[in-house]
Amino acid sequence: MPSPLPLKESHVKTGLLFVSLLAFLPQEPKTLTLNEVDGESVTAQVLELKGESAKLKVMILGGNMTVTRKLTDFVPLSQFRIEQAAKAANDFDGHFALAKRAGELRLLTQAGSEARAAVESVKDATQQEAKRAEVRKWAADALEAMTKEAVAQNRIAEARHCLKLLSTRLADQRTEEQLDALAGEVAALDERVANERETARQAKLDGASRDKMKKSLGTVREQLAKGDKLSREAITKSRTTVASTNLCEKAIDAYKAGWTKLQAVIEGAGEDTMLANEAGALSQKFHDHGIRTALHAANMLTVQSDYKNAME
């Protein structure tokens, strides 16, 4: 007759059996806070997704009720979270499909997260590289489309952001000519928006004041334009990180030279409020354009693994 198992070993085996059984029990759906397009929000669990409608268990006053809602009742992020919960992706195809859906909804953070998960789900090294190439091509195409869409709709901040992602993370997916054309579209929108604001400001001036403004700020604007031209070239050259970084440094030098000239104008403006206001608007441009250029340089240096200079 076999001797009984020691008490401790018996407990261990019982515990392992209990844990393994738990793995087969149905899991409670994740509870989400979902925001509706009308500004309201609900706390719910996703029970089922059919086409464009979702069956939800909505939590209300300590109880719950099951309802069916259209996805379009919710803001894009909540739509995505419903689909993400319902589809529970665990392989390349599932995660990649969710990445594409996030792209359609213009959710860049979620698209990037699902794209990375898609690649990481492939364990074979050779297959993973092939899938990575597929994902990177899609991502570049999506970012280019988003950039052009943002330009067409005059959303300058979004256009700049999408171009930055494309030129710093996926530059190898575009030729210099393609990057230059796209950067040109964004720059044209930026200039158009700036010109509209400047025209509105100068409409309040008489002819003599406009002439004085042009004379006082002419060389300052030239330095700003020089910096902007070099910064655009840096984006165009993003495939060659060293050349791009060098162009960024030259652009920053131009911005610094313009800023020095602008400080002299501000100091000499005296009681001329109009000149001081225009100089203030220009100083903001030097600040914003300089920061964007420095960040592009930092991204290029990071690609080169030059983390010390990237931080600087």
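The values are calculated or read from the model by the stated rules, or taken from the named source; none is laboratory data. Everything quoted here is computed from the prediction, not taken from an experiment. Positions of Cβ are generated from backbone atoms using ideal geometry, with glycine treated the same way; all protein chains shown enter the neighbour counts.
Check V58 against each of (1) surrounded by fewer than 17 Cβ atoms within 10 Å (Cβ to Cβ); (2) modelled with pLDDT of 95 or more and name the one condition it does not meet.
(2)
Considering each of A294, A281 in turn, give the residue that is among the aliphatic types (A, V, I, L, M), under 21 Å from R169 (Cα atoms), at pLDDT 80 or above and assigned to a helix (DSSP H, G or I). Before the answer, list the steps.
Numbers: A281 fails: under 21 Å from R169 (Cα atoms).
Exactly one of A294, A281 is among the aliphatic types (A, V, I, L, M), under 21 Å from R169 (Cα atoms), at pLDDT 80 or above and assigned to a helix (DSSP H, G or I), namely A294.
Hey, can you tell me all the residues within the range 83-114 that are assigned to a helix (DSSP H, G or I), within 24 Å of R69 (Cβ to Cβ) and in contact with a His (Cβ under 9 Å, 6 or more places away or on another chain)?
Once the filter is applied, which keeps residues that are assigned to a helix (DSSP H, G or I), within 24 Å of R69 (Cβ to Cβ) and in contact with a His (Cβ under 9 Å, 6 or more places away or on another chain), the range 83-114 yields only E114.
What pairs come out if I take residues in the range 88-104 that are farther than 18 Å from A140 by Cα and pair them with residues that are outside any helix (DSSP H, G or I) whose C-beta lies under 7 Å away, six or more apart or interchain?
Correct list of pairs: D91/S121; F92/S121; F92/V122.
Got a sec? Which of A142, A171 is in contact (Cβ under 8 Å) with a residue 60 or more places away in the chain, over 30 Å from M274 (Cα atoms) and crowded, with 19+ Cβ neighbours inside 10 Å? Steps first, answer last, please.
Values: A142 fails: in contact (Cβ under 8 Å) with a residue 60 or more places away in the chain.
It is A171.
Taking interchain pairs and intrachain pairs at least six residues apart, which have beta carbon atoms under 7 angstrom, with the first residue in the range 230-246 and in a loop (DSSP other than H, G, I, E, B) and the second among the hydroxyl-bearing types (S, T, Y) and surrounded by fewer than 24 Cβ atoms within 10 Å (Cβ to Cβ)?
Pairs found: S238/T168.
Scan A276, A257, A251, A264 and give me the residue that is more than 16 Å from E198 (Cβ to Cβ), aliphatic (A, V, I, L, M) and without any contact (Cβ under 8 Å) to a residue 12 or more places away in the chain.
Sole residue among the options that is more than 16 Å from E198 (Cβ to Cβ), aliphatic (A, V, I, L, M) and without any contact (Cβ under 8 Å) to a residue 12 or more places away in the chain: A264.
I'd like the residue in the range 151-167 that is surrounded by fewer than 16 Cβ atoms within 10 Å (Cβ to Cβ) and part of a helix (DSSP H, G or I) and, out of all such residues, is modelled with the lowest pLDDT.
A157
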